[in-house]
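**Student:** My questions all concern the structure below.
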Amino acid sequence: MATVTSSLVLKLIDQMSGPAKGAAGSLKGLASATKNLEKLGKITAFREAMRSMKEASSAFKRTQEQVRRLKTELAGTDSPSRKLQSALKAAERAAASAKKAFMDQGQAARQARTALEQSGGSVRRLAGDEAKLRNAIDRTNAALQRRAQRADALRGLGGMGAAGALVAGYHARRLGQKSIVSAAEFDLGVKRQRYVQGLSGEEQAPLIEQAKRIGQETQFTNLDVVRAQTKAMQGLDAAAPGVRADIAQGLMEHVKNYAMIMEADLETSAEAVRSYLLATRKDISTKEKALKEAGKAVNQMVKMAKMGGMDDEDVQQFFKYSAASATTLGLTTDTLMSLGALARRGGLRGDEAGVFVRSASAKIASPTKKGLSALNAAGINYSDYVRMPDKLDVGGLEGQFKMNMGIGLEDGVRKKLTDILADKGLLGDRGKFIEAVTGAVEEQFPRTKKGTMRPADRVNISKVADTFYRLSAQSVDAEGLLDAVMSSNMTLAQLNAFLTDKQGGRGAITQSQWDQFKAARQQIKNAGDDEDMAKNMATNIMSGLGGSLENLKGSVENLVTSIGTANEGLSVTATPKVDTSSIDAATAKARELNAELSRAGSLAQAAGRAARDGLAQKLRGVHADPGIEAR
């Protein structure tokens, strides 16, 4: 209980400052909320104990059934095997262990029930008690939000006097210390963001406001949001600082939804979404564009995770390995995410699925000779999916010959090749192109006694022509070729030849689910078109009792941070380092004022600091009043 002296200080400070008036009432809300939280914890503990007891009971019954089955089987066998006898003994041991676990869980459930009833709860009124708790928490939360909005007015007190009024009423030392520490940590995060990113105070102000709002609405702290904003701005160095701040603000509106739905860390979620958008070359050059692209990305990422049974680690690892290569190849994000969902459903982790897509992208863009043979065997003409330029440069082909074979081209050969490299009919067919180039270059190579070119030279020339053709392709219809491969009846041997033996089996998993892939691709596309899908999911997650508790935590955090910030002038100097000497001196003076204040810890320190602004003088005047007895 507070002493007469501490009650006096509380009353004095309430009278001195309008913004601080009613502080003690807010602390009653904190105390009430604490009791509600403790009671809710006991309800949760009881339910967990009952759930565990039911699970233990089911496990015990299963082991008993196994023992009965084995005994029946043993009884019906004239000469039971050692294996069967060993299985029975193992089942009996498992049953004994399961029985003990069941008994232990029963004891835990009874203890949880006793604790709940001692706190005034009843196992018969769990649902009603939870509803009452939620209403009480919501009322406290609303009051704390109003107090948090007014807490900035505490700065007008010029010191720890107002904080002391709050502290004295409720766990003085702990709340007082926490307010300073919380404000200090938040201040460090804000300053790190400002100076590392080169932001002005005006450019950063909307980010700070967003951090406090998201910290209020979600389970994340204000500092979590500031760090996530900073992470979102990294990698955007080409943009001006103010533009980076706007983009980060736009991204965070959807990053928070992803983090809540996927139960992920906010900072790594920000990095994941930003990296995905950059790797897939989305236009996030303005806040509006970032909002649109981030919203679509988060919706589709969540849909992919839901369809494939992926967690946050799977999602991030999948995009880490696959996003850049698949985008460069020309695969759409709908196709990319559908591949990820099917691969995870087929048993691949996110990183394994990402490596598969990266490897497949490389082979689709430039298949090996073995891969081309496999495609031909499956009835797929790779040239049908390759778009070549209208003509190729003969100088480039000559350079390839010089590099691979150490020879230049004669004038006659160069003229023939010029015509070949401008023939659209030949450019549209890889095989015919290689044959034509080989025939044109053949005349400048030595011949055998039979008048033909040496086989080794023919092989080397065809290799040069093949490499030049492959690297000259303007683009590949990746979507079309992928659909042709996965819709075909390519055997595992053919898939190994095309995708390599390390990825052929993974390709077979995708091939076997291709109809499901098409349906998944359409669903992921639809998710991208639904602007509010992830937002609505996150809102629903925070709409129940858990959401109310998180809002309460956010209110308390904002209040505590505001208290600490309000006393920044006395806690730090202009540099901003803690002025230890002045604080110590002020504290010593406060101890001289009254021994009771000294024993009150935080309150004494608060009153001492307030002495610098004249509050100590007012306290001495009150103590001098003969009508007041200090104890």
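**Student:** Taking the Cα atoms of region 369-522, report the difference between the largest and smallest coordinate on each principal axis, in whole Å and largest first.
**Tutor:** Largest to smallest, the principal-axis extents are 57, 34, 24 Å.
**Student:** Order 299-312, 496-509 from most to least packed using the mean count of other Cβ atoms within 10 Å.
**Tutor:** Sorting 299-312, 496-509 by mean packing, highest first, produces 299-312, 496-509.
**Student:** I'd like to compare 243-249, 484-490: which one has the highest average count of other Cβ atoms within 10 Å, and what's the full order after that?
**Tutor:** Ranked by mean Cβ neighbours within 10 Å, highest first: 243-249, 484-490.
**Student:** With the crude spin-label approximation of a point 7 Å out along Cα→Cβ, what separation in nm comes out for Asp311 versus Asn526?
**Tutor:** Result: 2.9 nm between the two label points.
**Student:** Which value, in Å³ per residue, describes the convex hull spanned by the Cα atoms of region 302-458?
**Tutor:** 154 Å³
**Student:** Let me ask something else about it. At a Förster distance of 25 Å, what's the computed FRET efficiency of Asn381 paired with Asp515, Cβ-Cβ distance as r, to 0.05?
**Tutor:** After rounding, the FRET efficiency stands at 0.55.
**Student:** Same structure, new question: Taking 0.36 nm per residue of separation and subtracting the Cα-Cα distance, what length does fully extending Lys83 through Lys369 add?
**Tutor:** Contour length minus Cα-Cα distance gives 97.6 nm.
**Student:** If one computes P(r) from the Cα atoms of region 52-97, what percent of pairs lie at distances over 15 Å?
**Tutor:** 45 percent
**Student:** Given the Cα-Cα distance of Asn489 and Gln64 and 0.36 nm per residue of separation, how much length would full extension add, in nm?
**Tutor:** Full extension from Asn489 to Gln64 adds 148.1 nm.
**Student:** Further, regarding this structure: Step through the table entries Lys416/Lys450; Lys502/Lys535; Lys289/Lys535, compare each Cα-Cα distance with 28 Å, and write down the pairs that go over it.
**Tutor:** Distance filter (> 28 Å) returns Lys502/Lys535.
**Student:** Quick check of the Kirkwood formula: for region 254-320, what is the inverse mean of 1/r over all pairs of different Cα atoms, in Å?
**Tutor:** 11.8 Å
**Student:** Here's something else I'd like to know. So, R0 is 30 Å and r is the distance between the beta-carbons of Thr268 and Glu185; what FRET efficiency does that work out to, to 0.05?
**Tutor:** Here the calculated transfer efficiency is 0.95.
**Student:** Using 1/(1 + (r/R0)^6) with R0 = 51 angstrom and r between the beta carbons of Glu410 and Arg349, what's the FRET efficiency to the nearest 0.05?
**Tutor:** FRET efficiency, Glu410 to Arg349: 0.35.
**Student:** Separate question: Considering only protein heavy atoms, what is the solvent-accessible area of Tyr276 at a probe of 1.4 Å, reported in Å² to the nearest 10?
**Tutor:** Taking all protein chains as shown, Tyr276 has close to 10 Å².
**Student:** Another question, if that's okay. Can you grab the distance from the C-alpha centre of region 339-364 to the C-alpha centre of region 498-536, Å, no decimals?
**Tutor:** Each part reduced to its Cα centre gives a spacing of 10 Å.
**Student:** Here's another thing I want to ask about it. For the ranges 283-295, 437-449, what's the packing order if you count other beta-carbon atoms within 10 Å of each residue, average per peptide, and put the highest first?
**Tutor:** 283-295, 437-449
The values are calculated or read from the model by the stated rules, or taken from the named source; none is laboratory data. As the structure is a prediction and not an experimental result, all values here were calculated from the model. A quick note on method: Cβ atoms are made from the backbone with ideal geometry, for glycine too, and the neighbour counts reach across all protein chains shown. Side chains are part of the model used for accessible areas, which takes the heavy atoms of the whole protein and leaves out ligands, DNA and RNA. Shrake-Rupley method; radii C 1.70, N 1.55, O 1.52, S 1.80 Å.
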